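Scroll down for the structure; my scribbles are underneath it.
The values are calculated or read from the model by the stated rules, or taken from the named source; none is laboratory data. Small disclaimer: the values here were computed from a predicted structure and weren't measured. Virtual Cβ from ideal backbone geometry, glycine too; neighbours counted across all protein chains shown. We work out accessible area using only protein heavy atoms, side chains counted, and drop any ligands, DNA or RNA first. Shrake-Rupley method; radii C 1.70, N 1.55, O 1.52, S 1.80 Å.
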Amino acid sequence: MAASDRIFKKGEYIVHHRYGVGHVEGVEKKMINGKKRTFYRVKTNEMTYWLPVSKDHTGDIRKVSAPSTFRSVLSIIRKKPEKIAEHHRSRKKKIKNQALDLALITKARIMRDLFGLQVQRELNFQDQNTLEKLKKQFIAEWIVAEDIDESEAMRKLEDALYTSASKAI
């Protein structure tokens, strides 16, 4: 693949649907099964991963959202949470399917709805982990997008979530 075919450049931040925000540190060639392949080296706060430089993986990653997107998404988070399935297997399946969507707004809705459920009753371990992971990824992306302080971003997110939860009671 030619350098002009690459989607991301060294120094850019990207969002991976599973790993969250990462910093593209460069492009490396590696031998895999006897073939030389090209990868982005991406570093997150917790790990480094290699993402193949190919069109096959464009559905897994996107560029970091614009600062204005966070203002719009926060207004959606402040809305009344939507009911999510009571049965844990149904809820898990729906959340898993929605989590594959890279859109910040989709992840924000899941976060809002899980937080609303948490106010009504204790979340199970998996739902609690999902909620915490979504909050962490949201904050990490917001910090990169708007150069906002982590504590300020967390405070604003928590305010929005509690505003939403108060509408569910």
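Residues considered: Gly11, Gly34, Gly26. Of these, the only one that is of a type in the set (Gly, Ala, Ser) and under 21 Å from Trp142 (Cα atoms) is Gly11. If the condition is being farther than 18 Å from Ser72 by Cβ and part of a helix (DSSP H, G or I), then the range 139-148 contributes only Ala140. Within the range 75-91, residues that are over 16 Å from Glu158 (Cβ atoms) sit with their Cβ atoms under 9 Å from residues that are modelled with pLDDT under 90 and hydroxyl-bearing (Ser, Thr, Tyr), at 6+ positions apart or across chains, in these pairs: Ile84/Ser90.
Among the residues of the range 86-138, the ones that are more than 20 Å from Ile76 (Cα to Cα) and of a type outside the set (S, T, N, Q) come to 13 in all. The set of residues in the range 74-95 that are over 17 Å from Lys167 (Cα atoms) and not in a loop (DSSP other than H, G, I, E, B) comprises His88, Arg89, Ser90, Arg91, Lys92, Lys93, Lys94, Ile95.
Taken over the range 81-102, the criterion of being open to solvent by less than 70 Å² (accessible area, probe 1.4 Å), modelled with pLDDT under 90 and either of a type in the set (Ser, Thr, Tyr) or touching a helix residue (DSSP H, G or I) at 6+ places or on another chain (Cβ under 9 Å) (or both) is satisfied by Ile84, Ala85, Ser90, Arg91, Ile95, Gln98, Ala99, Asp101.
The rows are residues; the columns are (1) at pLDDT 85 or above; (2) among the hydrophobic types (A, V, I, L, M, F, W, C); (3) touching a strand residue (DSSP E or B) at 6+ places or on another chain (Cβ under 9 Å).
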{"site": "Asp56", "(1), (2), (3)": "no, no, no"}
{"site": "Ala66", "(1), (2), (3)": "yes, yes, no"}
{"site": "Thr69", "(1), (2), (3)": "yes, no, no"}
{"site": "Leu74", "(1), (2), (3)": "yes, yes, no"}
{"site": "Lys79", "(1), (2), (3)": "yes, no, no"}
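When Ser151, Ser164 are screened for being open to solvent by less than 20 Å² (accessible area, probe 1.4 Å), of a type in the set (Ser, Thr, Tyr) and in a helix (DSSP H, G or I), only Ser164 passes. Screening Asp127 on (1) without any contact (Cβ under 8 Å) to a residue 24 or more places away in the chain; (2) assigned to a helix (DSSP H, G or I) shows it passes everything except condition (1). A search for C-beta distances below 9 Å between a residue of the range 28-47 that is farther than 17 Å from Val15 by Cβ and any residue that is small (Gly, Ala, Ser), counting only pairs 6+ apart in sequence or on different chains, returns Arg37/Ser54; Thr38/Ser54.
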